[in-house]
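Input: a single structure, listed below in structure tokens.
The values are calculated or read from the model by the stated rules, or taken from the named source; none is laboratory data. Nothing here was measured: the structure is a model prediction, and the numbers come from that model. Here the Cβ positions follow ideal geometry from the backbone for every residue, glycine too, while neighbour counts run over all protein chains shown. Note: areas computed on protein heavy atoms with side chains; ligands, DNA, RNA excluded. Shrake-Rupley method; radii C 1.70, N 1.55, O 1.52, S 1.80 Å.
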Amino acid sequence: MTEVAEQRESRAGGEIVRISHWIDGKRVEGFSGRSGPVYNPSKGVQTGAVDFASVEEIDAAVQAAARAFESWRTISLSRRTELFFRIRELVHDHAEDIARILTLEHGKVLSDAKGEVARGLEVIEFCCGIPDLLKGGYSEQASTGIDVYSIRQPLGVVAGITPFNFPAMVPMWMWAPAIACGNAFVLKPSEKDPSASVFTAELLKEAGLPDGVFNVVHGDKVAVDAILEHPGIAAVSFVGSTPIARYVYETGTAKAKRVQALGGAKNHMIVLPDADIDMAADAAVSAGYGSAGERCMAVSMLVAVGHAADDLVEAIVERLPKVKVGDGLDPDSEMGPLVTREHRDKVASYIDRGRDEGATVVTDGRETAPDNGGFFLGVSLLDNVKPEMDVYKDEIFGPVLGITRVETYEEAVRLVNENPYGNGVALFTRDGGVARQFQFEVKAGMVGVNVPIPVPVAYYSFGGWKSSLFGDLHIYGPEGIQFYTRGKVVTSRWPDPATSKVDLGFPQTR
Ligand code: NAD
């Protein structure tokens, strides 16, 4: 039985287990003396205590990664591919185990947790094609007797800092391409649900990944700052809220690191009068309340155009009582709890805030939340939300869906384009011409046409615009490969007496 599996048993018996770092291929207990609580949100009880790393512990992980990098970068592409196929098999075979860990610490329902693992697995599968992804260009006879070719090389030790809402998938989006490209990786997962990362480390070791290539250090701001300051780390991938993304980007780049920092979101779904209202209502309920609204691609604002509004509200209200809220391990549950009590209370406070600001509270999720001590909140719907209200402006990150009513398509697009965030957006319509115009003019990184959560497949890249991304390159897919490598161009000539002569002029290409 793996260590994480053993821990799961202990927790089932009511014990508070210690969750430690993973450095150089083994579990390493923290010595900082600091730790944070980990809860089972469905029960509302603490089940774990996660070690918080000090500056010295981050350094130990970076040193281990730096040692491992030297040999890892020399491993042939065919061996790396072979290893990635093994990793793929192990993650696939343990998908249910990983999903259960997610449900026990994050709270999302098991079916959703399995979906998360599946979307991470897609990126691992993409990385099985690493020989093709790292192919460079070659120009024979670029000049007489001279050939030019480009290669992409790994950066060295790279780090990932991840949010609580996708404790397995977002790390996979980072470590899989980073390692496939030949880097060594240091992961600092969310301190709220850290166990999936340690379990992943065990699987990677079982697959045959050399010790030190993948390390996990837990912690809070101290650990993040130590990563940003460490001269041995070449690049940082971050996913989390916008204020921290901006901080990580500014601090990391000031230290001459390459940084991609994905931030928060306020995703709009525009419903035009010609849309299939049942299809739009199903999509709004799934994308607004799935994972209790704790998705960076969740739809949080519906923009109903013209007479679509009344029909849409009616269709959504009809569906809400059927959303079963409960323990994520109960197969009947469709929506689990929020991640912590504080977060649940903050999300719930937006219901009163919306009413005070003049929105109509159509459904109040506090009235339907299971009352068992878990961090539950039922589904809430606010109508007549206006752009100047906090419930519109803030990323609520919970099961509170807002509806704003506008008269025209142009007004709807203006709302999206003027919003500071630009992660995902969706348009529901039957009009192909309008949809085409929409994709042309909308200011967001991921666009859905009659698709509410347009998370790109693994062979495209994921990322938003505006305050949803700091940095130039999106995550995973071709841009992920670019992020974790740097280019080199070689200009070569082999000794050829016929073309050899002294020439003090600037090299010409003809
Ligand atoms: P968060 O910003 O609070 O935390 C993210 C990471 O930053 C964690 O590892 C955390 O330990 C660390 N951190 C927190 N406070 C810090 C500080 N003051 N200094 C340094 N590091 C700090 O985000 P979260 O609450 O874990 O996750 C939810 C947020 O993530 C939402 O805003 C959501 O939209 C966003 N998110 C975005 C994407 C995306 O792809 N754009 C994906 C998932 C989540």
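Look at Lys114 and say whether it is part of a helix (DSSP H, G or I) and under 27 Å from Gly373 (Cα atoms).
It is true that Lys114 is part of a helix (DSSP H, G or I) and under 27 Å from Gly373 (Cα atoms).
Looking at (1) over 22 Å from Gly115 (Cα atoms); (2) more than 16 Å from the ligand (Cβ to nearest atom); (3) outside any helix (DSSP H, G or I), which is the only condition Val236 fails?
Of (1) over 22 Å from Gly115 (Cα atoms); (2) more than 16 Å from the ligand (Cβ to nearest atom); (3) outside any helix (DSSP H, G or I), only one is false for Val236: (2).
With the requirement that a residue be open to solvent by less than 50 Å² (accessible area, probe 1.4 Å), assigned to a loop (DSSP other than H, G, I, E, B) and not charged (D, E, K, R), what does the stretch 383-394 give you?
Those that are open to solvent by less than 50 Å² (accessible area, probe 1.4 Å), assigned to a loop (DSSP other than H, G, I, E, B) and not charged (D, E, K, R): Val385, Met389.
When you check Gly505 against the structure, is it farther than 26 Å from Asp390 by Cα, surrounded by fewer than 22 Cβ atoms within 10 Å (Cβ to Cβ) and out of contact with any Cys (no Cβ under 7 Å at 6 or more places or on another chain), yes or no?
In short, yes.
Restricting attention to the stretch 161-174, does a residue exist that is open to solvent by 10 Å² or more (accessible area, probe 1.4 Å) and away from the ligand (no atom under 15 Å from the Cβ)?
No; the residues of the stretch 161-174 include none that is open to solvent by 10 Å² or more (accessible area, probe 1.4 Å) and away from the ligand (no atom under 15 Å from the Cβ).
Of the residues in the stretch 270-290, how many are crowded, with 24+ Cβ neighbours inside 10 Å and hydroxyl-bearing (Ser, Thr, Tyr)?
Total satisfying the criteria: 1.
If the requirement is being open to solvent by 10 Å² or more (accessible area, probe 1.4 Å) and within 16 Å of the ligand (Cβ to nearest atom), which of these qualifies: Phe397, Phe375, Phe440, Phe483?
Sole residue among the options that is open to solvent by 10 Å² or more (accessible area, probe 1.4 Å) and within 16 Å of the ligand (Cβ to nearest atom): Phe397.
Determine which member of the set Pro321, Pro337 is in contact with a Leu (Cβ under 8 Å, 6 or more places away or on another chain) and either within 16 Å of the ligand (Cβ to nearest atom) or open to solvent by 40 Å² or more (accessible area, probe 1.4 Å) (or both).
Every option except Pro337 fails the conditions.
Among the residues of the stretch 331-363, how many are out of contact with any Lys or Arg (no Cβ under 6 Å at 6 or more places or on another chain), small (Gly, Ala, Ser) and not in a loop (DSSP other than H, G, I, E, B)?
Matching residues across the stretch 331-363 total 2.
Inspect all residues belonging to the stretch 52-64 and state whether any of them is open to solvent by 70 Å² or more (accessible area, probe 1.4 Å), touching a helix residue (DSSP H, G or I) at 6+ places or on another chain (Cβ under 9 Å) and modelled with pLDDT of 95 or more.
yes
Identify, from the list Glu250, Glu202, the residue that is under 24 Å from Arg27 (Cα atoms), at pLDDT 95 or above and out of contact with any strand residue (DSSP E or B) (no Cβ under 6 Å at 6 or more places or on another chain).
One residue alone meets the criteria, Glu202.
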